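Read the structure below first, then the notes.
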Amino acid sequence: MNYVISDIHGDFDRYRAMLEKINLQDEDNLYVLGDVVDRGSKGMAVLLDMMSRPNVLPILGNHEYMAYSCLKMLAREVTEDSLAEITEDRLQGLLQWMSVGGETTIKEFRALTLQQRQDITEYMEEFSAYEVVKTGNRVFILVHAGLDNFSQDRLLRDYYISELIFKSPDYTKEYYRNAYLVTGHLPTREIRARLQGRHAEDMDPDELNDEILKMNGHIAIDCGCGFGGKLGCICLETLEEFYV
């Protein structure tokens, strides 16, 4: 079976609970659509667990993108050469990342051994930009946020990284007739609110719907784990949904 989750945001307990709930087997694949780190306090623990599982396949999210250069800098031994590489642009990137939840990741990263830090940054270099999964008569395009500047004439490999990780698709429009576009990034509570012309932050808690959204060939699976919601998972063969 092929499973997909997204936007774990450092919630190691829910991540492990989901592995148990779907009873992930060696012959299965679990695709993680990015934003493993930040906000929650155990993003490094999630990454270390993922690294130990060859059938857990990571896809780049905007939080990993922001974190990578900063963590790579922190993973090095402090020398005159490494200090000289701390430019103004890198410092600005660090401040921007911390403003969206990177502080918890830095704290956890600093507690690791030097070898673990290097292993994690090397692992993050291997994150895919996207994946295409064909199962039965269905095709699924897996990407963190969406396909910005979408055109049916563009090949997936022609999209820039920034077009895949920062902007969500238009869920009111069908992008492909013969494939599902599976995305995370924007919590489904916010998607549903915007479809009503509202914002989730203005809604009462009992109005929020933190479950997977399927519409117009889209499958949105960020169920708000980083914002007090749920961690959602979908099985691509059966379209069965799982929540913890």
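The values are calculated or read from the model by the stated rules, or taken from the named source; none is laboratory data. What you see is a predicted model; the values in this text were computed from it and never measured. Positions of Cβ are backbone-derived with ideal geometry, glycine not excepted, and every protein chain shown enters the neighbour counts. Side chains are part of the model used for accessible areas, which takes the heavy atoms of the whole protein and leaves out ligands, DNA and RNA. Shrake-Rupley method; radii C 1.70, N 1.55, O 1.52, S 1.80 Å.
Only DSSP H runs of four or more residues enter the estimate; each adds -39500 (n - 2.57), and after division by the residues of the chain the mean residue ellipticity at 222 nm equals -9000 deg cm²/dmol. Per residue, the accessible area of region 110-192 comes to 55 Å², computed with a 1.4 Å probe over protein heavy atoms only.
If the only charges are +1 at each Lys and Arg Cβ and -1 at each Asp and Glu Cβ, what is the size of the charge dipole of region 124-244 around the Cα centre, to the nearest 20 debye?
I would put it at about 440 debye.
Other residues whose C-beta falls under 14 angstrom from the C-beta of Thr104 contribute a net charge of -1, scoring Lys and Arg +1 and Asp and Glu -1. Which of rounded, prolate or oblate describes region 7-50 when judged by the alpha-carbon gyration tensor and an a/c cut-off of 1.5? Prolate. Of all lysines in the structure, the ones whose alpha carbon falls short of 27 Å from that of Lys167, not counting any fewer than 8 places away in one chain, are Lys42, Lys72, Lys134, Lys214, Lys230.
Can you tell me the relative contact order of region 100-220? Whole percent, Cα pairs under 8 Å, sequence separation 6 or more.
RCO, region 100-220: 21 percent.
Between the alpha-carbon centres of region 14-43 and region 139-156 there is a gap of 23 Å. Note on the chain: dipole from Cβ charges, positive end direction compared against Val56, Asn178, Met203; the farthest Cα belongs to Asn178.
Rounded if a/c is under 1.5, else prolate if a/b beats b/c, else oblate: with a ≥ b ≥ c from the C-alpha gyration tensor eigenvalues square-rooted, which is region 97-244? In terms of gyration-tensor shape, oblate.
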